[in-house]
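Novice: Just passing along the structure, written as structure tokens.
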Amino acid sequence: MQSNHPMMKSMTVVVVGGGVVGFSTAVCIAEALPYCSVTLIADRFTPDTTSDVAAGILICSPFPDIPLEQQQRWFKETIDHLLAIAQSEQASEAGVLLSSGWQIHKELPVDKVPFWSAFVLGFRIMTDRELKRFPDHKFGQAFTTVKCECSNYLPWMEKRFRKAGGQVVKQKVNDLQELSSQGYDVIVNCSGLGAKSLVGDSQVYPVRGQVLKVQAPWLQHFIRDGEGQSYIYPGMHSVTVGGTRQVDDWRLEVDPEDSQDILERCSSLEPSLSRARVLGESVGLRPSRKNVRVEREMVLLGSRQVPVVHNYGHGGWGVSLSWGTALEALGLVRKCLHERPPRARL
């Protein structure tokens, strides 16, 4: 079916979720399918999303049951999309920058060369001379990747979405049934941790992350402990230091003990941090799942079978896989629209 087919002018798509995955998906659909009217509905927007807490550095751990080639494609499509922004005049407004540094390991990792290593820039194994400053670590990887700061990126994406004709609504959706009266042709679920209640997915669980923003403009390189517990990510306006990985912990309040622990761990990697001024602390709940869910299903809403495209459960890798899984979701939306029976014209 051609995209300029007259019947398709009136297609309506709703995206639920206003984080980096929701806005990426909404932008992909609105830009690729001009015959669709796309609405994004969320109860929280920047700066109050999980994405806003994320340091937004592009690396990733693999999901166990998704083909590695697919995960490589998602990562590559995302980093290529962000590299193009980083190399454009929009970079500072969009909050996208290049960041070089080291990922260090106390023990030899199973994957000395991670699945994403071909898509970051200049990936190599660290030399003994470089590792010398990290005496507790025996192996490391050096590379340049992208850092995507969502407090800039989300407003920039919202502007891009509106420019493509998208509409944004602030509203809490507790149940997909609430959307049945609107008669949407396709519903796209990018609700992250909200999917637990929105679609009753018991496989979604929070992994609590606490970070501090500190003023340390002399730090130019990121340092990440391979286990992902401790990290130092210099950004546009401050340095993000973290973190915690507390499974099934729903606390959104800042824990002073965690902050103390984070500062001690990160200062052992970078002693000058002990002199850095703390600018703020924040907590985010990673929307974790054994495997990210990017698939479609038919759901009975009222008396109507409606296609729902799911795109959630990215855990700590929402920014890293955002554009790739958005393109995947776009492909599923196209399929739903092209297979859709013509609506009765009354």
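Novice: Quick one: which residue in Asp258, Asp201, Asp249 is in a helix (DSSP H, G or I) and among the acidic types (Asp, Glu)?
Specialist: Asp258
Novice: Looking at Leu97, Leu108, can you tell me which residue is under 25 Å from Gly284 (Cα atoms), open to solvent by 20 Å² or more (accessible area, probe 1.4 Å) and not in a helix (DSSP H, G or I)?
Specialist: After applying the criteria, what remains is Leu97.
Novice: Go through the range 259-308 and count every residue that is closer than 30 Å to Ala216 by Cα and within 22 Å of the chain's Cα centre (by Cα).
Specialist: Number satisfying all stated conditions: 8.
Novice: Looking only at the range 82-93, decide whether some residue is hydrophobic (A, V, I, L, M, F, W, C), open to solvent by 70 Å² or more (accessible area, probe 1.4 Å) and either touching an Asp or Glu at 6+ places or on another chain (Cβ under 6 Å) or part of a helix (DSSP H, G or I) (or both).
Specialist: Checked against the condition, which is being hydrophobic (A, V, I, L, M, F, W, C), open to solvent by 70 Å² or more (accessible area, probe 1.4 Å) and either touching an Asp or Glu at 6+ places or on another chain (Cβ under 6 Å) or part of a helix (DSSP H, G or I) (or both), the range 82-93 yields no hits at all.
Novice: Any idea which of Arg286, Arg334, Arg296 is of a type in the set (D, E, K, R), crowded, with 22+ Cβ neighbours inside 10 Å and either in contact with a Leu (Cβ under 8 Å, 6 or more places away or on another chain) or not in a helix (DSSP H, G or I) (or both)?
Specialist: None of the other options fit; the residue is Arg286.
Novice: Listed residues Trp250, Trp218; which is open to solvent by 80 Å² or more (accessible area, probe 1.4 Å), among the aromatic types (Phe, Trp, Tyr), in contact (Cβ under 8 Å) with a residue 24 or more places away in the chain and out of contact with any strand residue (DSSP E or B) (no Cβ under 6 Å at 6 or more places or on another chain)?
Specialist: Trp218
Novice: Something else now. Working only within the range 46-69, note down all residues that are surrounded by fewer than 19 Cβ atoms within 10 Å (Cβ to Cβ), in contact (Cβ under 8 Å) with a residue 24 or more places away in the chain and more than 20 Å from Phe222 (Cβ to Cβ).
Specialist: Selection gives Pro47, Pro62, Pro64, Asp65, Ile66, Leu68.
Novice: If Asp185 satisfies every condition in (1) charged (D, E, K, R); (2) within 15 Å of Val13 (Cα to Cα); (3) open to solvent by 40 Å² or more (accessible area, probe 1.4 Å) but one, which is the exception?
Specialist: Going through (1) charged (D, E, K, R); (2) within 15 Å of Val13 (Cα to Cα); (3) open to solvent by 40 Å² or more (accessible area, probe 1.4 Å) one by one, Asp185 breaks only (3).
Novice: Next up: Of the residues Gly192, Gly165, which is modelled with pLDDT of 95 or more, at positive phi and either aliphatic (A, V, I, L, M) or within 21 Å of the chain's Cα centre (by Cα) (or both)?
Specialist: Gly192
Novice: From Ser117, Ser151, grab the single residue that is open to solvent by less than 40 Å² (accessible area, probe 1.4 Å) and either polar (S, T, N, Q) or in contact with a strand residue (DSSP E or B) (Cβ under 6 Å, 6 or more places away or on another chain) (or both).
Specialist: Residue meeting the stated conditions: Ser117.
Novice: Would you confirm whether or not the range 223-232 contains a residue that is at pLDDT 95 or above, open to solvent by 30 Å² or more (accessible area, probe 1.4 Å) and either acidic (Asp, Glu) or part of a strand (DSSP E or B) (or both)?
Specialist: Within the range 223-232, none of the residues are at pLDDT 95 or above, open to solvent by 30 Å² or more (accessible area, probe 1.4 Å) and either acidic (Asp, Glu) or part of a strand (DSSP E or B) (or both).
Novice: Specify the residue that is surrounded by the most Cβ atoms within 10 Å (Cβ to Cβ); the eligible residues are those in the range 168-179 that are among the β-branched types (Val, Ile, Thr) and either outside any loop (DSSP other than H, G, I, E, B) or at pLDDT below 95 (or both).
Specialist: Restricting to residues being among the β-branched types (Val, Ile, Thr) and either outside any loop (DSSP other than H, G, I, E, B) or at pLDDT below 95 (or both), the top hit is Val168.
The values are calculated or read from the model by the stated rules, or taken from the named source; none is laboratory data. Only a predicted model underlies this, so the values are computations on that prediction, with no experimental measurement involved. Heads up, the Cβs are rebuilt from the backbone with ideal geometry, glycines too, and the neighbour counts pull from every protein chain shown. Please note that ligands, DNA and RNA were not included when accessible areas were found on the heavy atoms of the full protein model with its side chains. Shrake-Rupley method; radii C 1.70, N 1.55, O 1.52, S 1.80 Å.
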